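Below is one structure, written out as structure tokens; the observations come after it.
The values are calculated or read from the model by the stated rules, or taken from the named source; none is laboratory data. Bear in mind the structure is a predicted one, so any value in this text is a computation, not a measurement. When we count neighbours, we look across all protein chains shown, and the Cβ atoms used for this are built from the backbone with ideal geometry, even at glycine.
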Amino acid sequence: MTEQLYFDHAASAPRRDEVADAMERWQHGVVGNPSGSHRAAREARRAVEEARDEVGAFVGAKPGGVIFTGGGTESCHLAIVGATLAHRSTHDKSVIVTSRVEHDAVLDAAQFMADHFEDVEVRFIDVDADGVVDLESLRHTLDRDVAIVSVMAANNETGVCQPLDGVSSIANGSVPGGVVTHSDAVAAAPWLYLPSVTATFDMVSICAHKIGGPVNSGALIMRNEVPLAAVVPGGGQERGHRGGTVDVAACVGLAAAVRLTQKELVDLNDRVLDFQHKLSAALSFLPGCQVTAPSARKVPGTVHVTFEGLASDELLFLLDQGGVCASAASSCSSGAAVTSHVLAAMGVSPERARGSLRLSMGPETSEQDVDQLIAVLSSVVYRLRGGA
Amino acid sequence: MSGGVDSSVAAGLLLEQGHEVVGATLKLWGGVSDSGCCSVADVDDARRVAQILGIDHHVFNYTEEFNRHVVEPFVQGHVQGTSPNPCIECNRHIKFDVLFDRARRLGFDAVATGHHAQVLERGAVHELVRGADDQKDQSYVLGYLREEQLASLLLPIGAMDKSEVRIHAERMGLRTWDKPDSQDVCFIEASKGREVFLRQRVPLTPAKIVDRATGEVIGETDAAELMTVGQRRGILPGRDGEKRYVASVDVIEGRVEVGRLEDVLIKRIDLVESSLSFTHGAVANGEEVLVQWSAHGRVSRARFSREGECALLMSEPARPVAPGQTVVMYRVDEPTIVVGAAIVARP
């Protein structure tokens with residue numbers, strides 16, 4: 001068996017030992033229902049509220065603003081659907097404004113609302129060739145009917161960061177009385193200092209498994225109190241925003257992950273930024289390889305490239321044979337690579353987009369891993385180009 | 001691998017024979033489907049089979065190629081009043097072309113499938129032979145395969161009948177994947193059918209149904225594109241009380257001609273020259289072959305002619321064949337061996 005080189009942190013980061021240790025206490029024997037009143041329930045409730053404090057601080061919000069959810073997709077769905085439903089109850093028309101490069105969690109939630117309600121419309125903000133939202137285009141989407149503006153903090157495929165301050169300033173300046181803003185910070189969370197990056201946004205979505213925590217755990221964090229209807233009202237947990245028994249282990253796991261992320265943020269950025277430069281430089285020498293959005297501001301952990309005339313399926317197959325876990329960054333539920341809507345919005349040709357590869361790094365990545373990856377990927381590319 | 005019993009057992013047998021096997025499922029259709037072989041559920045089934053067998057499994061996305069080579073020509077064929085066979089086109093352009101190329105690039109020695117057909121090695125040449133199970137024989141849909149593909153193709157279950165395949169499946173612990181064989185066109189929702197599929201993509205043409213012998217209009221249809229030459233179903237009997245068969249479909253003129261069986265029988269099948277494909281060398285002008293023009297259709301004797309237009313001259317009158325269909329030719333002396341294939345032209 002070949003040694004495993006894990007370059008798919010952006011899909012799911014390795015679970016940190018500290019996270020597993022913190023969760024362990026809540027995965028055996030009696031775990032009280034945090035809504036109850038006896039001692040086991042109180043103990044569980046206390047763990048949840050301590051976790052809430054930490055998660056709130058991670059994003060720069062008050063603990064009361066943290067709504068624990070079942071992950072990033074659910075957080076984004078709650079933000080989009082919840083804010084739009086609340087808007088509908090007081091307006092004749094509700095417009096969802098979002099960028100063309102959002103994760104499906106946001107795009108599909110917006111489309112879901114437009115499909116089900118005739119008074120809901122989705123408007124898209126165009127992006128430039130780097131995938132950065134065009135603020136002029138944003139301006140054109142805005143009017144008094146806008147219910148929510150949702151723009152991600154960093155792109156999950158390319159790692160490109162968005163000018164969130166510019167977005168919120170234009171959005172709030174153009175809509176009388178201001179507008180509700182949401183940022184999907186799932187891909188940004190391992191890298192960016194969210195209290196400052198999302199300071200001008202009302203709601204922020206994060207999830208645990210991109211930062212070393214468990215899957216099916218995330219949070220929608222309200223930095224400002226905005227009207228939000230419940231998507232799953234049953235039971236009234238999470239201050240009526242998300243019904244269902246609160247999963248203590250999931251909350252504790254998320255808190256442990258944000259604690260580690262916060263602690264390591266500066267060192268990690270420093271170290272992985274060097275890897276990103278090294279990897280980008282090495283790959284740009286491979287025949288037909290183009291680094292995506294080379295001059296845009298990106299999170300350090302992601303290097304996205306396209307290979308002229310090669311297919312992601314084949315690159316990934318041979319990389320897998322060589323022990324490298326990587327991804328094409330866009331895949332459908334079957335696991336097959338599909339043409340990326342992000343690259344399409346950036347104007348990348350379908351032919352080039354077919355040869356996409358995302359290499360994503362994290363706290364576990366070493367310089368030796370990067371060197372080995374470069375060696376394996378180089379031989380794979382030469383082989384597919386008809387070399388030995 | 002479709003997750004079905006045939007491809008699963010094929011993979012298992014190769015593994016037992018000592019091959020290094022990797023499973024691949026092709027994601028072909030991006031749209032809605034409730035039948036056929038490319039839904040997420042099928043991919044999950046295939047992946048589970050691979051896990052049980054202990055082999056790696058990959059999903060390859062060929063939706064774009066499938067749309068270009070199979071779905072679009074299927075739709076355009078109907079627009080022109082022909083009846084292309086999408087399964088044959090998929091085999092020809094996807095499974096045995098782009099997948100073969102990919103397998104070679106990725107370092108594989110052979111591609112294996114769960115088709116009921118056989119590759120016979122005779123010295124330096126390879127022959128495509130009917131599957132041992134008459135009821136399941138799929139040599140027809142593989143008719144375009146040529147020597148260079150046959151040389152690196154493995155068909156591990158082709159020598160078995162279906163009951164043997166099921167016994168192997170049970171022995172390998174795969175019996176829960178004993179799902180029904182897919183019969184339908186995989187990109188068309190069985191609950192909605194071909195008409196709904198086509199109407200969502202192209203306008204369909206109303207047509208008059210005309211009795212060929214008398215010129216009398218005996219009915220109408222709201223979609224000439226859905227009428228297939230040779231079809232009887234859905235056509236009213238004539239005044240004489242005899243059954244009528246579709247003899248020709250003219251979408252542009254909006255005219256479907258029908259006739260009594262004896263009036264519509266054909267003596268020659270014209271072939272699209274550019275579509276001719278032979279396993280090895282070309283069949284000689286005037287040589288006799290056996291021909292079959294549907295998946296489990298009957299076999300007729302014909303003479304291959306290259307005088308003027310390429311054609312098959314039938315030794316006995318036959319039911320009419322729809323333009324766009326594929327005719328597969330077999331040897332007369334060894335009737336299980338495929339010699340080539342071609343698409344039926346308009347007469």
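Confirm whether residue B:286 is at positive phi and in contact (Cβ under 8 Å) with a residue 60 or more places away in the chain.
It is false that residue B:286 is at positive phi and in contact (Cβ under 8 Å) with a residue 60 or more places away in the chain.
Consider residue B:6 carefully, then state whether it is within 14 Å of chain A (Cβ to nearest Cβ) and either under 30 Å from residue B:247 (Cβ atoms) or not in a loop (DSSP other than H, G, I, E, B) (or both). Spell out the reasoning first.
Working: within 14 Å of chain A (Cβ to nearest Cβ): no; either under 30 Å from residue B:247 (Cβ atoms) or not in a loop (DSSP other than H, G, I, E, B) (or both): yes.
No.
Looking at region B:150-167 only, could you name the residues that are buried (at least 20 other Cβ atoms within 10 Å of the Cβ) and in contact with a helix residue (DSSP H, G or I) (Cβ under 7 Å, 6 or more places away or on another chain)?
The answer is B:156, B:157, B:165.
What number of residues within region B:199-245 are touching a residue at least 40 places away in the same chain (Cβ under 8 Å), out of contact with any strand residue (DSSP E or B) (no Cβ under 6 Å at 6 or more places or on another chain) and closer than 18 Å to residue B:77 by Cβ?
Of the residues in that region, 7 qualify.
Yes/no matrix, rows are residues, columns are (1) within 23 Å of the chain's Cα centre (by Cα); (2) outside the structural domain of residue A:218 (by TED's automatic domain parsing); (3) not acidic (Asp, Glu):
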{"residue": "A:274", "(1), (2), (3)": "yes, yes, no"}
{"residue": "A:279", "(1), (2), (3)": "yes, yes, yes"}
{"residue": "A:287", "(1), (2), (3)": "no, yes, yes"}
{"residue": "A:292", "(1), (2), (3)": "yes, yes, yes"}
{"residue": "A:297", "(1), (2), (3)": "yes, yes, yes"}
{"residue": "A:303", "(1), (2), (3)": "yes, yes, yes"}
{"residue": "A:306", "(1), (2), (3)": "yes, yes, yes"}
{"residue": "A:318", "(1), (2), (3)": "no, yes, yes"}
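Mind checking whether some residue in region A:341-352 is closer than 23 Å to residue A:102 by Cβ, basic (Lys, Arg), at the interface with chain B (Cβ under 10 Å from one of its Cβ atoms) and in contact (Cβ under 8 Å) with a residue 24 or more places away in the chain?
Scanning region A:341-352, I find no residue that is closer than 23 Å to residue A:102 by Cβ, basic (Lys, Arg), at the interface with chain B (Cβ under 10 Å from one of its Cβ atoms) and in contact (Cβ under 8 Å) with a residue 24 or more places away in the chain, so the answer is no.
Can you tell me which residue in region B:75-90 is surrounded by the most Cβ atoms within 10 Å (Cβ to Cβ), limited to those that are in a helix (DSSP H, G or I) and in contact (Cβ under 8 Å) with a residue 24 or more places away in the chain?
Of everything passing the filter in region B:75-90, B:90 is surrounded by the most Cβ atoms within 10 Å (Cβ to Cβ).
Can you list the strands (runs of 3 or more DSSP E) lying wholly within region B:245-314 that have 3 or more residues being within 20 Å of residue B:235 (Cα to Cα)?
In region B:245-314, B:245-250, B:255-259 are the strands (runs of 3 or more DSSP E) which contain 3 or more residues that are within 20 Å of residue B:235 (Cα to Cα).
Are any of the residues in region A:369-380 closer than 30 Å to residue A:163 by Cα and small (Gly, Ala, Ser)? It would help to see each step written out before you state the result.
Within region A:369-380, the first condition is being closer than 30 Å to residue A:163 by Cα, and the residues that meet it are A:370.
Those still in the list that are small (Gly, Ala, Ser) too: none.
No, region A:369-380 contains no residue that is closer than 30 Å to residue A:163 by Cα and small (Gly, Ala, Ser).
Could you figure out which of (1) out of contact with any strand residue (DSSP E or B) (no Cβ under 8 Å at 6 or more places or on another chain); (2) within 26 Å of residue A:10 (Cα to Cα); (3) touching a residue at least 24 places away in the same chain (Cβ under 8 Å) isn't true of residue A:217?
Unmet for residue A:217, out of (1) out of contact with any strand residue (DSSP E or B) (no Cβ under 8 Å at 6 or more places or on another chain); (2) within 26 Å of residue A:10 (Cα to Cα); (3) touching a residue at least 24 places away in the same chain (Cβ under 8 Å): (1).
Looking at region A:289-388, what strands (runs of 3 or more DSSP E) fall wholly within it and have at least 2 residues that are buried (at least 20 other Cβ atoms within 10 Å of the Cβ) and out of contact with any Lys or Arg (no Cβ under 9 Å at 6 or more places or on another chain)?
Working: elements: A:289-291, A:302-307, A:356-360.
Qualifying strands (runs of 3 or more DSSP E): A:356-360.
From the list A:309, A:235, which one is of a type in the set (Gly, Ala, Ser), within 14 Å of chain B (Cβ to nearest Cβ) and touching a residue at least 40 places away in the same chain (Cβ under 8 Å)? Show your work before the answer.
Working: A:235 fails: within 14 Å of chain B (Cβ to nearest Cβ).
Among A:309, A:235, only A:309 is of a type in the set (Gly, Ala, Ser), within 14 Å of chain B (Cβ to nearest Cβ) and touching a residue at least 40 places away in the same chain (Cβ under 8 Å).
State the number of residues belonging to region A:123-144 that are surrounded by fewer than 19 Cβ atoms within 10 Å (Cβ to Cβ) and either more than 21 Å from residue A:161 (Cα to Cα) or in contact with a His (Cβ under 6 Å, 6 or more places away or on another chain) (or both).
3
If a residue has to be in contact with a Ser or Thr (Cβ under 7 Å, 6 or more places away or on another chain), within 13 Å of chain A (Cβ to nearest Cβ) and of a type in the set (A, V, I, L, M) to count, how many in region B:38-77 make the cut?
Selection size over region B:38-77: 4.
Please enumerate the residues belonging to region A:42-60 that are surrounded by fewer than 24 Cβ atoms within 10 Å (Cβ to Cβ) and either among the aromatic types (Phe, Trp, Tyr) or farther than 17 Å from residue A:27 by Cα (or both).
Within region A:42-60, A:49, A:50, A:53, A:54, A:56, A:57, A:60 qualify.
Does residue B:196 satisfy the criteria of being within 30 Å of the chain's Cα centre (by Cα) and either touching a residue at least 60 places away in the same chain (Cβ under 8 Å) or assigned to a strand (DSSP E or B) (or both)? Can you show your working first?
On the way: within 30 Å of the chain's Cα centre (by Cα): yes; either touching a residue at least 60 places away in the same chain (Cβ under 8 Å) or assigned to a strand (DSSP E or B) (or both): no.
The answer is no for residue B:196.
Mind listing whichever residues of region B:213-236 are assigned to a loop (DSSP other than H, G, I, E, B) and either of a type in the set (A, V, I, L, M) or more than 30 Å from the chain's Cα centre (by Cα) (or both)?
Answer for region B:213-236, where residues must be assigned to a loop (DSSP other than H, G, I, E, B) and either of a type in the set (A, V, I, L, M) or more than 30 Å from the chain's Cα centre (by Cα) (or both): B:213, B:214, B:215, B:216, B:223, B:227, B:229, B:235, B:236.
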